[in-house]
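S.K.: Please see the structure below; I have some questions.
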Amino acid sequence: MNKQDLIKKIEEARDSRLITYITGDRQPFATRIADEVVPIFNRHLENFGHQKKISLFLYTRGGDMVAPLRLVKLIRSYTQDFELIIPYRAHSAGTLIALGANKILMGKLGELSPTDPSTMHPFNPVNPQNPQQKLEINVEDINSYFLLAKEKAGVKNEQMNEIYKQLGEKLHPLSLGNAYRAIRMAKQIAEKLLRIHIKNEERIKKIVNAITSDICIHGYPITRDEAKDLGLEIEEPDAALEKDIWDLYDAYAKEMKLGIPFHPLEILDDKEMAEVKYTGAYIESDDLSNQFIFKGKVQKTIRDNKPAIDMHIDSQKWEQIK
């Protein structure tokens, strides 16, 4: 089956209307959840009109922390029953979207992740390997530094001022403040999304603590069993539906060559220069399609008297395909 046939088949199985949102993780064409997709989603939702149930089919490694709140609220303005379908990865910002869903349909390989943001700031430290590049600061690395001081070095509460001072000598105070703001924002957004459909404050607190602080390994895979234990509304598809869900993911994975390293030579072959066109993300429903398309050139060249390959991305933008 092609993607449109699979979308329709899953819609029938779920008695729902379905939108797919696939962001790519193949360098140098990786894409992330971003605020710019909100108008694109609105186009698909307007085409649906108000529905009894809307399902979002999602694959992502993360992205902007505020975009999930806008997306969830937008989808919910067209339905009272919002379902997220996770064939494989829905990390970080994808996990925040999951928190706003009434139900999460997870396949065997489905996984969420902690929402520990990494932050960029003008005063972040410089990468010693590349002085032109700033390093990201991971919020959980900062939290773990303080836990290390307490639990392993035996630092008492009254001595923590000195630990803060030492860190402030290594990292700019504004960078630290930016990182702290990021974790506060992640917690607040998680709470807002859960309160849309959950009224039990203890349940909300347990979920928020788990995904924003208790799980301290970046990228840790939260499987459907663990997600269920946290208090999320998880459903496991039957064998036939799981196959259709995986087949739809696999169709996108093959088109985008997810997990397959990009080598410019595969485009050049025996040519000196070749055009590059690559789709790095999709937002699709049964009769509409938007794609984030990279366009550029790959060219053989000589650098320092040695053969080399240059690649230039001339444009990268969302395009309406149909």
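Read-outs throughout are calculated quantities, based only on the coordinates presented, and are distinct from any laboratory measurement. Everything numeric in this text was worked out from a predicted model, so none of it was measured. Every residue, glycine among them, receives a Cβ derived from its backbone with ideal geometry; neighbour counts consider all protein chains shown.
S.K.: When ranked by the protection proxy of mean other Cβ atoms within 10 Å per residue, highest first, what sequence do the peptides 243-253, 98-108, 257-267 form? Write out the running numbers ahead of the final one.
M.R.: Working: 243-253: 19.5, 98-108: 22.6, 257-267: 12.6.
The most tightly packed comes first, giving 98-108, 243-253, 257-267.
S.K.: Students often get this wrong: which residues of region 8-24 have the backbone nitrogen under 20 Å from the point 7 angstrom along Cα-to-C-beta of residue 235?
M.R.: Counting backbone N atoms under 20 Å from the label point, the list is 8-21.
S.K.: If the chain between residue 202 and residue 108 were fully stretched, how many nm would it gain, using 0.36 nm times the residue separation less the Cα-Cα distance?
M.R.: Answer, rounded to one decimal: 31.0 nm.
S.K.: Something else now. Which one of 260, 276, 302 has its Cα pushed farthest toward the positive end of the charge dipole of region 194-322, where Lys and Arg give +1 and Asp and Glu give -1 at the Cβ?
M.R.: So the residue we want is 302.
S.K.: Another question, then. Pairs to check: 150/205; 257/277; 277/297; 9/53; 271/300. Give those whose C-alpha atoms are more than 18 Å from each other in this structure.
M.R.: Details: 150/205 24 Å; 257/277 13 Å; 277/297 9 Å; 9/53 15 Å; 271/300 8 Å.
Cα-Cα > 18 Å for 150/205; rest within.
S.K.: Also: For residue 12 and residue 302, what does the FRET efficiency come to when R0 = 51 Å and r is the distance between their Cβ atoms, rounded to the nearest 0.05? Walk me through the numbers on the way to the answer.
M.R.: Numbers: r = 58 Å, r/R0 = 1.13.
Efficiency, rounded to the nearest 0.05: 0.35.
S.K.: Next question. Roughly what would the spin-label model give for residue 169 and residue 51, points 7 Å off Cα along C-beta, in nm?
M.R.: 5.8
S.K.: Would you mind checking region 290-320 for residues with the amide N under 18 Å from a putative spin-label position 7 Å along Cα→C-beta of residue 265?
M.R.: 298-303, 306-311
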